[in-house]
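Here you go, one structure.
Bear in mind that the values in this text are calculations on the coordinates, not laboratory data. Fair warning: this is a prediction, and the values are worked out from it, not measured in the lab. Please note: Cβ atoms are built from the backbone with ideal geometry, for glycine as well, and neighbour counts cover all protein chains shown.
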Amino acid sequence: MKREVYESIKQVDTLIGETYLYAVFVAIIALAVAYVIARLIKWKGGKNDSSPLKRRIWFIGIGLFAAIYFFLYNIMVVSDKITKDPLEDKFRISNIIATLSILGIYIILGGITMLIFRRSKWGSISVFKSNN
Amino acid sequence: MPQQVFIIGIGGTGMRCIESFIHLCAMGMCDDTNVHMLALDTDKENGNFTRLKDLKEAYLKTKGVNKNHSALKETFFSANLLYYQFSPDYSNISTFDAIFDYESTKYRNPDETAIADLLLTKAAKKFDLKHGYRAQTHLGSMLMYHSIINDVLINERGDLKRFVQELITASTAGRPRIFILGSVFGGTGASSIPIIPKAIRKAASLISNATDIEQNAFFGSTILTSYFSFVLPSDDEKAKQKLIATSDKFSLNSQAAMMFYEADDTVKQTYQKFYMMGTETLEWQPSKFKDKTITGGEDQENDSHYIELLAAFAAYDFFNVNELELKRLKDEKKLEYLYRTFDDNGKINFIDLVGSEKKEELAKKFGLFTAMSYLTLLDKYDLFGQAQNGDLKKVKIDGYEDIDLEEVKNLKIYMGLYHFYFRNGIIKDGWLRQVHHSAGDGDKFLFSPTLFSAKSVKELEKFEFNDSIYQKNSDFETKKFRTGVLGMGSLYNEFFSEFIKTPEPDITNKCEKLIKRTYDTLCKIYKF
């Protein structure tokens, strides 16, 4: 089987475009996973309910995992397929931006939805204060 | 404008009946009502009197510490309780002879002592009145009547005077209802039932001539016949106490009292409704002491009985009956006797307490209040502790973290007295469990038997009150909620998920606000 390689600028530009698109997907999937896990963590009674903290830890963990996994995958698997060093450098910069985009989308979109659904398990992750 | 009702509990049994009525108020059965409650007992130290005082204190403090209380609707603790108490002072002068100054009067006014000699035995004149009138109703009626009049005359700021003043105000504005709770088989209750309307009228006339309470007000009472017994006293005890009320005479006392009420025109023309109740047998032995007779004092703290709850519902019925009906009875000078029998299987159902129209309301409020007791009392849930701790801020519900510590503490005390409390790691029965026990345990009383089966904290914590409050195959079997699919959820998780979605009630006092929010949440999840 012939190994897929990226040799031309055009190919790498397309790859970078796809990488940004994947970054958006990864951020959304990570959010969905974090949401499901947040829902699965039960409210606990008694003083000092630790469930909001657990959700926050999971939220941070999933975000970091998604970003790191995406970054490393691109470095270790995708970059390897780029044959020319200058093009590889260009992709690496784009990879950093895409990874930061994942974190950005994850945090901003997560934050906005938490703000909207502030009185929910999802909302309990945020540190926003109530407006009542 | 809240409804004004007046309720008077007399004697040891009256105290326990009032206790049951307070629980009805706490369940929310007396919405939008100012309940003026007078506890009348000769025995200040009586254990049941003390328990009642603790209960009302917890109720009042739950509604607000150093705050104005008001009547609310559709919540727990909705009634505005105004509590008054009166005990004739027998601390120094404690026998009839001493009150009457018998020895001197004998020389000064022999005619008077001759009447006393005719009506009262030697023992009746010499027994200690601190523990009640000990089935000496002729003596009790006279002493109680004069104690009431005397207190209104001399005690300017006394509870009794304030109670009568409230009654005068209500009587000027409308036609108040006064319900009297007490037994007819003992001393204090049986003595007081016939004379209370007269004593109140006289007391009111000493304060104001503006209104005739006896004419304006409607009167109802329980005719609570014998339903418990206690150990018969030994000869030594009899000699020591001079006169002692024994439970073997309770049936006879009840019969004599009923014959008197039936024959007495004053009673018949004053009261509009008598609610008759009692049990077939006297097997119930509520005293904590099985080897000696307790005549009164702090040791007399009897467990509650379902008959007392039935008496509280008699008052509830009287307060809710159509005014035209009471007016007709009053105008025609008729006294209506009411009674209710239970099924042959001995089971007590919601319908037996309030009839078919209100059974759903009772099942809802009684059941949900019981559910709230778990949320309040068990550390595993501790909703109010969470609020106090600021945990609700985590779900962006602000404003409960400064809930009054004293109010939360008293709510917990109240719930303990209602359902169960812990002492030295042991579960003690509250009112609900005592009443269930009196009905014969098992499925004999309203709720599922599993509700009462927990014997340890662990068992209480394991109890799934989401689907085990109401009895299987009852009208309310469907009133329950699931705890997620395949055991993924939990009882508290379901409750709290709904709780945070429940709109904020428009109530100023934080503790009452949280109670109302809990009530609304429970109504939703139990599908009421």
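Round to the nearest 10 and give me the degree value, 0 to 90, for the angle of helix A:51-73's Cα axis relative to the longest principal axis of chain A.
0 degrees
Under the rule of -39500 (n - 2.57) per DSSP H run of 4 or more residues, summed and divided by the residues of chain B, what mean residue ellipticity at 222 nm is obtained, to the nearest 500 deg cm²/dmol?
-14500 deg cm²/dmol
Another one. Counting only other chains, and only Cβ atoms inside 10 Å, what mean value do you get across the residues of B:271-279? Provide the component values of the computation, followed by the final result.
Values: counts 0, 0, 0, 0, 0, 0, 0, 0, 0.
Rounded to a whole number, the mean comes out at 0.
Sum -39500 (n - 2.57) across every DSSP H segment of at least 4 residues in chain A, then divide by the residue count to get the 222 nm mean residue ellipticity, nearest 500.
On the way: 3 runs with 87 residues, N = 132.
Result for chain A: -23500 deg cm²/dmol, rounded to the nearest 500.
So how many Å³ per residue does the convex hull of the Cα atoms of region B:6-124 work out to? Write down the numbers at each step before the final one.
Details: hull volume 16.1 nm³, N = 119.
Hull volume normalised by residue count: 135 Å³.
Give the order of B:L375, B:L411, B:L232, B:L362 when sorted by the count of other beta carbons within 10 angstrom, beginning with the fewest. Spell out each step's value before the answer.
Numbers: B:L375 24, B:L411 28, B:L232 12, B:L362 20.
Sorted ascending by nearby Cβ count, the order is B:L232, B:L362, B:L375, B:L411.
For region B:444-453, take each phi angle, set θ = phi - 60°, evaluate the Karplus expression 6.51 cos²θ - 1.76 cosθ + 1.60, and give the result in whole Hz per residue in order, putting x for glycine and proline.
6, 10, 6, 9, 5, x, 5, 4, 9, 8
How do A:L87, B:L383, B:L160 rank when sorted from fewest to most other Cβ atoms within 10 Å of their own Cβ?
Values: A:L87 20, B:L383 27, B:L160 23.
Fewest-to-most ranking of A:L87, B:L383, B:L160: A:L87, B:L160, B:L383.
Quick check: the angle from helix B:250-263's long axis to the longest principal axis of chain B, C-alpha only, nearest 10 degrees?
Rounded to the nearest ten degrees, it is 70.
Cα axis of helix B:137-154 to longest principal axis of chain B: angle in degrees, 0 to 90, nearest 10?
80 degrees
Another question, if that's okay. Please give the average number of partner chain Cβ atoms lying within 10 Å of the Cβ of each residue in B:499-505, rounded to a whole number.
Working: counts 2, 7, 2, 1, 0, 1, 0.
The mean count of partner-chain Cβ atoms within 10 Å per residue comes to 2.
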